[in-house]
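Just so you know, all these numbers are worked out from the coordinates, no wet-lab data involved. Bear in mind that the values here come from a model prediction, so they are computed numbers and not experimental data. Heads up, the Cβs are rebuilt from the backbone with ideal geometry, glycines too, and the neighbour counts pull from every protein chain shown.
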Amino acid sequence: MTLILCVWVLLPIYLLIVNSLSTPEEVIAFPKRFFPSFNVASLEFFAGFSGIVKALQSSIIVATITMVLSILIGAPAGYALSRFEFRGKTTFRVLILMTRAFPLPLLALPLAIMFIRTGLDDTMFGLALVHTMLALPFSVLITFSLFSGIPIELEEAAWTLGCNRVQAFTKVVFPLILPGITASAVFAFVISWNEVFAASVLTIENRTLTAFLLQSLDVSPMHLKFAGGFVLVMPALIFIFAVRKYLFSMWGIANR
């Protein structure tokens, strides 16, 4: 089963890399080459598209803002759900999940009108707010489960040694929860990076890379589509690879 899942995930990435580093003739040829010919002509041509650098910068900025906002809002909410008992706690958790029950296309028109009235239309911060709304349920639930895996007795021991609640959190809980925070940040970054509908509807001049590719590569040749997919996928893979040690550490906390 593990082997099947690995093939299911890695095979599309492998085919994307092979075809993006092959000549146009090799892309449409069959059978496919096992190793690419490392021809970067398609990538160079794609990189020369007008607006591609700006779209890449917009994607990075929007994803970073989304990542920061989702952690700043989601982590305190997860901590409160884990540590405090209050009326409507279960209902609140259900409402968090319900935010993902509404299809984004149904909210597109109200969001567009609201953004135009508030001046947030065609801005990276406005798009980041929408992406934060999409990532927040994952951030809250991930941090909630991880906070629940850390015994409250550790905080109580810190209180008895003279720490207040903030000091106990920063000195005891935060170092233990850092891998989970990083994992939540990765989810938020990837969700923002891959989102295309809101980026296409709410932006014109500040389109992210996904919206730019959707607009530019609709009728492009196959080798350019593979090159665009390569440029879209690789930054997210590099980001996940860079924080992989925190993702692996997360399992040690989650399984306690």
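Give the range of the longest stretch in the chain that excludes all chymotrypsin sites (Phe, Trp or Tyr not before Pro) found in loop regions by DSSP and having at most 10 other beta-carbon atoms within 10 Å.
It runs 87-256.
Can you give me the Cα centroid spacing of segment 37-102 and segment 173-215 in angstrom?
Cα centroid to Cα centroid, the span is 3 Å.
Using every alpha carbon pair in segment 149-216, what percent of pairs falls into each 10 Å bin from 0 up to the bin containing the largest distance?
19, 27, 17, 16, 16, 5, 0
If segment 1-65 were replaced by its equivalent ellipsoid, with semi-axes equal to the square roots of 5 times the Cα gyration tensor eigenvalues, what would those be, largest first, whole Å?
27, 22, 7
Roughly how large, in nm² to one decimal, is the mean projection of the convex hull of the alpha-carbon atoms in segment 50-254? Walk me through the numbers on the way to the answer.
Values: hull surface 54.9 nm².
With the hull built on Cα positions only, its mean projection is 13.7 nm².
Regarding segment 73-112, what are the three Cα extents along the principal axes, ordered largest first, in Å?
38, 18, 12
Checking the cross-link filter: which aspartates and glutamates have an alpha carbon closer than 12 Å to that of LYS171, excluding same-chain neighbours under 8 positions apart?
Correct list for LYS171: GLU155.
With axes computed from alpha carbons, what is the tilt in degrees of helix 104-118 against the longest principal axis of the chain, rounded to the nearest 10 within 0 to 90?
Around 80 degrees separate the two axes.
Dipole of segment 50-254, Cα-centred, from +1 at each Lys and Arg C-beta and -1 at each Asp and Glu C-beta, to the nearest 20 debye?
Dipole of segment 50-254, to the nearest 20 debye: 180 debye.
Considering the Cα positions of segment 29-103, please state its Rg to one decimal place and its Dmax as a whole number of Å.
Every Cα atom of segment 29-103 included, Rg and Dmax give 22.6, 63 Å.
Calculate log10 I(q)/I(0) of segment 48-147 for q = 0.12, 0.13, 0.15, 0.22 Å⁻¹, where I(q) comes from the Debye formula with a single equal point scatterer on each Cα and nothing for solvent.
Scattering profile of segment 48-147, log10 relative to I(0): -0.50, -0.58, -0.73, -1.15.
Measure nothing fancy, just the Cα-based angle from helix 222-242's long axis to the longest principal axis of the chain, in degrees from 0 to 90, nearest 10.
With rounding to tens, the tilt is 30 degrees.
Where does helix 52-83 land angle-wise versus the long Cα axis of the chain, in degrees 0 to 90, nearest 10?
20
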